[in-house]
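*Asks:* Before I ask anything, let me first share the structure, which is written out below as structure tokens.
The values are calculated or read from the model by the stated rules, or taken from the named source; none is laboratory data. Just so you know, these numbers come straight off a predicted model, no measurement behind them. Note that we place each Cβ from the backbone using ideal geometry, even for glycine, and neighbour counts take in every protein chain shown. Heads up: the accessible areas ignore ligands, DNA and RNA and are worked out on the full protein's heavy atoms, side chains in. Shrake-Rupley method; radii C 1.70, N 1.55, O 1.52, S 1.80 Å.
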Amino acid sequence: MKKSALLILFLAAFQFTAFAQEAEKDTIRNYKLDEIIIQSPKYNRNIFEIPAAASMISERLIENNRVENLTDISTIIPNFFMPDYGSKLTSPVYIRGVGNRINTPSVGLYVDEIPYFEKAAFNFDFYDVERIEVLRGPQGTLYGRNAMGGLINVITNKPHNEQRTTISMDYGNFNQIRSNVTHNQPIGKSLAVQGSLNQRHNDGFYENVFSQTEVDKINSYSGRLKALFSPSENFNVQGNIQYEDSRQGGYPYALFNDELMQAGDISYDKESVYNRKLLSAGLNLNYSAPGFSLRAVSSFQSLDDFQEIDQDFTPQSLFFVVQDQQLQMLAQEINLESKKGGAYNWLFGVFGFKQLLDKAVTVEYGEDGLVQFKLPFSEYYYTKTYNNSNSGIAFFHQSTLDFGGFTFSAGIRADYEKATLDYTDDRVRNGNSTRADEFISDLDYFEILPKVAVKYSVNEYLVPYATIAKGYNSGGFNSTFEREEDRSFDPEHSWNYEAGVKAKWLQQRIYANLAFFYIDWTNQQIYQTVPSGTGSMLTNAGKSESKGVELELKALPAQNLETWLTFGFNEARFVDYVKDEDENYSGNYLPYVPQYSFNAGGNYKVDVRASWLDQIRFNLSYNGFGKHYWHESNEAFQNFYGLLNHRVSFEKNNITFSFWGKNILNSEYNSFYFQALGNSYAQIGKPATLGVNLKVVF
């Protein structure tokens, strides 16, 4: 499969060379790629001025690729992988091999400048999204916890001074129904309000043969209200509140044969569900003075979810788990930044947060479980409660010095965090309850996170750069454990070394971004099942490393034709990981990290200019994922697979009618794998989906 990827890369490079030769002959027409601006407040500059690998997914690209949530950008961003877990509860994200399946994520997420610290909040429905920005490599100096692997910045459309309404309706096979409406309303010269409503439904893609019902149906309703108040040119206030109520079936897991590398039928006796209510709110104050700007962001998030899951995923009545959790998070950040343009620029900031998580997990043994484990009870279950409090404060600074074509920047962050766990374990046997265990425990961490970077602008079209940064993800308490030594896990640290070059040529009709990276990683946080197999926890590996290369190419070989290629190669291995005397995983590949991934495609516009039709847009893309392993033992894996997607849009004035398809060749693959209770399980990837969309703007 590596040969296939290299062949694709060679052919694409040959194609772009041909485009370049053709473009040199075409000096009359004047068309070029748009400038790419990273709008994250701590950067807010042209991508050529940022000494790091950064990608931006525009609103049109989101629409053409039918990006409905974070999972879907795995097909666009190199070395970004977010497996489809089967529900919105656990949404692991991996960038350059860095990521966690459970507990605190290793990749940061901000939505309209609101930090998302809890992984259960990562998978939410996208609508009215203006852009998605992904910065790869540690961003901890400016963003702190959770940004060891990189940062995702989701920006929705802002209120503006024109009245506008957008309505979109979507229907596809499997009874996929999606609709959303957004209205922007200016109120006077200084105030604008924007409201959005979104609805999503499908009947499910997978059947439980035991119950003969679809297991993964979903009904989700969400809304967003934003207001922008600009009383003067120097001061503005932006407030937003967004809410999502999601009711989801789950989970489409089937027993997996590791020898045959094949999944069986989905077949289990108890219906499983995941319901979540997610509320996020933020208030941004921005003041601009002649020599500096001041920004203050206050944010709040509340998550209330409920899970019922057939833990054994078999027709037997072994285990049934009920989880109920509530989370509240409050964060405040203040930034003071110099005005850009001088030889020396600076940024100072302070960030603080408080997060409360109350979780109760009940594990009930079914009739078959009582017999299989020889328990002398007619009823047995246990409930564990975890009242977890996390709080932290950080101070950070970055200085940037420009001289000649060189730009040197250095930053540092002092980060302190404290965690407290109040834990109880109650056992119920034949109706009699006893307290098996209880304790209160504290942990605290202090970390210094430095970063240095240099870039040299050979000219406005060629910019090489190099970056060294320390990555950090805090330790914490496991939400499931059965042994004293498994109560908590240690922080993980990394040093990230990156060098790259950004280029554009032929009158800005070709854009390229090439990056090489190496990550030296200690105390990596590793997912493990607890000894009984009825839950999961984190432990620490000794030493790991990740290295690779990323390439992004975008070109306009002809007017109305845009083509692109993204490619990422990633080799991530355990250097030193001895789990016990019988299991030594040193030298093995890290799980959930495709060895390579790529996306190639094009978008072509045909101007019709008829009385009934203005233009037709054709969009075609192919996404490939290389071999990746599912477990530290490297015994189970997913070989290369590719997904072909398309969209054809017919546009007339303010009306667009589109035909779309995802995985239209119906490629077969496994999107997720795990081990529990001595068994292996897998989730089969989604089949071919096709549909239509109608969008009206007025």
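*Asks:* Among 92, 41, 51, which is in contact with a Ser or Thr (Cβ under 7 Å, 6 or more places away or on another chain) and either open to solvent by 10 Å² or more (accessible area, probe 1.4 Å) or under 28 Å from residue 467 (Cβ atoms) (or both)?
*Replies:* Every option except 51 fails the conditions.
*Asks:* Could you look through region 398-419, keep only residues that are of a type outside the set (Lys, Arg) and open to solvent by 40 Å² or more (accessible area, probe 1.4 Å), and pick out the one that is farthest from residue 473 (Cα to Cα)?
*Replies:* Step by step, filter region 398-419, then rank; the result is 404.
*Asks:* Does region 318-329 contain at least one residue that is modelled with pLDDT under 95, open to solvent by less than 30 Å² (accessible area, probe 1.4 Å), outside any strand (DSSP E or B) and touching a Leu at 6+ places or on another chain (Cβ under 9 Å)?
*Replies:* yes
*Asks:* Failed condition for residue 359, given (1) at pLDDT below 95; (2) closer than 25 Å to residue 398 by Cα, with all others met?
*Replies:* For residue 359, the exception is condition (2).
*Asks:* Output the number of the condition that residue 181 fails; it satisfies all remaining conditions of (1) of a type in the set (A, V, I, L, M, F, W, C); (2) more than 27 Å from residue 111 (Cβ to Cβ); (3) surrounded by 17 or more Cβ atoms within 10 Å (Cβ to Cβ).
*Replies:* Going through the list (1) of a type in the set (A, V, I, L, M, F, W, C); (2) more than 27 Å from residue 111 (Cβ to Cβ); (3) surrounded by 17 or more Cβ atoms within 10 Å (Cβ to Cβ), residue 181 breaks only (2).
*Asks:* While we're here: Within region 96-131, track down each residue that is on the phi > 0 side of the Ramachandran plot and acidic (Asp, Glu).
*Replies:* 112, 113, 128
*Asks:* Also, quick follow-up: May I ask you to list the residues in region 389-415 that are free of Cβ contacts under 8 Å to residues at least 40 places away in the same chain, assigned to a strand (DSSP E or B) and either in contact with a helix residue (DSSP H, G or I) (Cβ under 7 Å, 6 or more places away or on another chain) or over 15 Å from residue 331 (Cβ atoms) (or both)?
*Replies:* In the first step, residues of region 389-415 are kept if they are free of Cβ contacts under 8 Å to residues at least 40 places away in the same chain; the result is 389, 391, 404, 414.
Narrowing further to those that are assigned to a strand (DSSP E or B): 389, 391, 414.
Matches in region 389-415: 414 only.
*Asks:* Scanning region 601-633 for residues that are part of a loop (DSSP other than H, G, I, E, B) and among the charged types (D, E, K, R), which turns out most open to solvent (accessible area, probe 1.4 Å)?
*Replies:* If we take residues in region 601-633 being part of a loop (DSSP other than H, G, I, E, B) and among the charged types (D, E, K, R), then 609 is most open to solvent (accessible area, probe 1.4 Å).
*Asks:* Related question: Which of the residues belonging to region 332-349 are farther than 12 Å from residue 294 by Cα and among the aliphatic types (A, V, I, L, M)?
*Replies:* Answer for region 332-349, where residues must be farther than 12 Å from residue 294 by Cα and among the aliphatic types (A, V, I, L, M): just 343.
*Asks:* Oh, and also: Out of the strands (runs of 3 or more DSSP E) lying entirely within region 107-217, which hold 2 or more residues that are farther than 25 Å from residue 238 by Cα and at pLDDT 95 or above? Lay out the reasoning, then the answer.
*Replies:* Numbers: elements: 107-111, 129-136, 150-156, 164-172, 176-187, 191-202.
It comes to 164-172, 176-187, 191-202.
*Asks:* Here are the criteria: (1) open to solvent by less than 20 Å² (accessible area, probe 1.4 Å); (2) part of a strand (DSSP E or B); (3) out of contact with any Gly (no Cβ under 6 Å at 6 or more places or on another chain); (4) under 30 Å from residue 659 (Cβ atoms). Tell me which single one residue 574 does not satisfy.
*Replies:* (4)
*Asks:* Please enumerate the residues belonging to region 104-128 that are of a type in the set (Val, Ile, Thr) and open to solvent by less than 10 Å² (accessible area, probe 1.4 Å).
*Replies:* Answer for region 104-128, where residues must be of a type in the set (Val, Ile, Thr) and open to solvent by less than 10 Å² (accessible area, probe 1.4 Å): 107, 111, 114.
*Asks:* Report, ordered by the first and then the second residue, all pairs with beta carbons closer than 6 Å, sequence separation of six or more or different chains, a first member in region 154-180 that is touching a residue at least 40 places away in the same chain (Cβ under 8 Å), and a second member that is outside any strand (DSSP E or B) and open to solvent by less than 20 Å² (accessible area, probe 1.4 Å).
*Replies:* Short answer, once both residue conditions are applied: 156/112; 180/127.
*Asks:* Then there is this: Of all residues in region 445-504, how many are at pLDDT below 95, of a type in the set (Gly, Ala, Ser), assigned to a strand (DSSP E or B) and surrounded by fewer than 21 Cβ atoms within 10 Å (Cβ to Cβ)?
*Replies:* Of the residues in region 445-504, 2 are at pLDDT below 95, of a type in the set (Gly, Ala, Ser), assigned to a strand (DSSP E or B) and surrounded by fewer than 21 Cβ atoms within 10 Å (Cβ to Cβ).
*Asks:* With the requirement that a residue be under 27 Å from the mean Cα position of the chain (by Cα) and in contact (Cβ under 8 Å) with a residue 40 or more places away in the chain, what does region 181-206 give you?
*Replies:* Once the filter is applied, which keeps residues that are under 27 Å from the mean Cα position of the chain (by Cα) and in contact (Cβ under 8 Å) with a residue 40 or more places away in the chain, region 181-206 yields 182, 196, 198, 200, 204, 205, 206.
*Asks:* Next question, about the same structure. Name the residue, out of 63, 49, 118, 59, that is touching an Asp or Glu at 6+ places or on another chain (Cβ under 9 Å) and among the charged types (D, E, K, R).
*Replies:* Just a single option satisfies the conditions, and that option is 59.
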